[in-house]
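FYI, it's all coordinate maths here, none of it is from the lab. These numbers come from a predicted model, not from an experiment. Please note: Cβ atoms are built from the backbone with ideal geometry, for glycine as well, and neighbour counts cover all protein chains shown.
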Amino acid sequence: MAPIKPANFAEGEASVLPTVNVTFEPGCRNNWHVHHGARQILICVSGRGWYQEWGKEAIALEPGTIIDIPEGVKHWHGAQKDSWFQHLTTHVKTGGEESNEWLEPVTDEVYNLLK
């Protein structure tokens, strides 16, 4: 995870849309999780990855794919088995306190079914 800071900002100045560049090695994925108080936006920039919401089919990700994740939606994202993957991520506040609720891992059994 590498925070991205606008070059014209002074020390301590904060962006209205904080952004982080996240890199996953092949096969790496995060746990199922839920964002509270914010929507999450993923902007895929390199490699190939996966995004999946609880109870839905996984979506293959490639450079240029954008995913807009509503507040409160259980999901995971990460790299495909044979590819590095990189996305930019930001959160848009929806009200209330922002937090991430980290849940169970995406099992190898579930992950290995993706093609």
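Scanning segment 104-115 for residues that are assigned to a loop (DSSP other than H, G, I, E, B) and surrounded by 14 or more Cβ atoms within 10 Å (Cβ to Cβ) yields V106, L114. Residue count for segment 1-23, restricted to those that are in contact (Cβ under 8 Å) with a residue 24 or more places away in the chain and either part of a loop (DSSP other than H, G, I, E, B) or more than 13 Å from L88 (Cβ to Cβ) (or both): 2.
For segment 35-73, name all the residues that are basic (K, R) and surrounded by fewer than 16 Cβ atoms within 10 Å (Cβ to Cβ). If the condition is that a residue be basic (K, R) and surrounded by fewer than 16 Cβ atoms within 10 Å (Cβ to Cβ), then K56 is the only one that fits. Scanning segment 63-79 for residues that are over 13 Å from the mean Cα position of the chain (by Cα) and over 18 Å from W32 (Cβ atoms) yields a total of 2.
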